[in-house]
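Beneath this line is the structure, given in structure tokens, with notes to follow.
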Amino acid sequence: MSRDHPPAERQSPALAGGLGPLVAFTSLAIAGAGLAAASACFALLYRHSWPPAAAAGALLLAAGLVLSFGHLGQKRRAGLAALGAGRSRLSNEVFAAALALAGASAAAAAGLAGHSSTALTAVSGALNALFLLSIGDVYHLRGQRTWRGSSFLTPLSGGLAFGAIVIQALSVRGGVFVGTLVLIAIDLLVFSQRWRELAGLQVPAPRVAGSWWPRRDQVLGARFFLVDVLPFFLLLTRLPGLAAACAAAGLIVDRAGFYALAVQHTTEHEVAAVEDMLSKGSDS
């Protein structure tokens, strides 16, 4: 990293380019890894093997990686980024993505061929779960006030909840697995904590946060209900297809909101805080 500017002044990945590629990449990647990891959970806990889930996960991951070329700026940087694994969070994410894709592909190929392996399934699930954690870790930047705390866990909890909902909706008949409800409940708790963190964050001036900040409760509420609340009740009321559609829409809202609600701690932020303090002092 360059030492020309302090960490608080660096431009975040979300602000360095358009939001579209980032939202598309992370939505596809989280959906794919979530499907692969949830597929492994179902196979190991319930002996419910559904190879199309791992196959779909691998395809979504591959699509996300193709789109990530735009995120990295130049195609040749993708290979170079992986060489920094262990030293760079972005490199760790790229390396973990490659391993997750390899694991999901191997598990899907073995399952579709009728040669499922417990060990391979477990490895695929673990690799994809680690990749989801790496997505949360890559955005833990010192200058970003809204990308701290529980935001580290939301890709993992949201991805697993999404994967469980989709697998439950498309491949399970006659009831809902307790594991599916547990994964939804875990994500509900994790995201509730993130909502509380953002709701309690004091921003001195709207210009520092952007146009979406005043509507943060609506954005966070939409994600909360689409991924957690509605699928929970739709699965219990035997409307699995609608539950899967809600979860997919919620995952997109989650990533769009993650970037749109980014608040950087910059010099402008400090100036706005001082102005706000002076304004309150003059009014008293």
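Rule-based calculations on the coordinates, nothing more; no lab input. Quantities reported herein were computed from a predicted structural model and do not represent experimental measurements. Here Cβ is always computed from backbone atoms with ideal geometry, including for glycine, and neighbour counts include all displayed protein chains.
Key figures for this structure:
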| quantity | calculated |
| --- | --- |
| Calculated FRET efficiency for the pair SER88/ALA126, C-beta based, R₀ 22 Å, to 0.05 | 0.50 |
| Net length gained if the chain between LEU189 and VAL66 were fully extended (0.36 nm per residue, minus Cα distance) | 41.1 nm |
| FRET efficiency for ASP137 and ALA102, using Cβ-Cβ distance with R0 set to 25 Å, rounded to 0.05 | 0.80 |
| Stretch gain in nm, segment ALA109-LEU44, where the contour uses 0.36 nm per residue and the Cα spacing is subtracted | 21.7 nm |
| Sorted by Cβ density within 10 Å, fewest first, the residues SER171, SER27, SER117 | SER117, SER171, SER27 |
| Spin-label model distance (nm) - GLN218 vs ARG196, 7 Å beyond Cα toward Cβ | 2.6 nm |
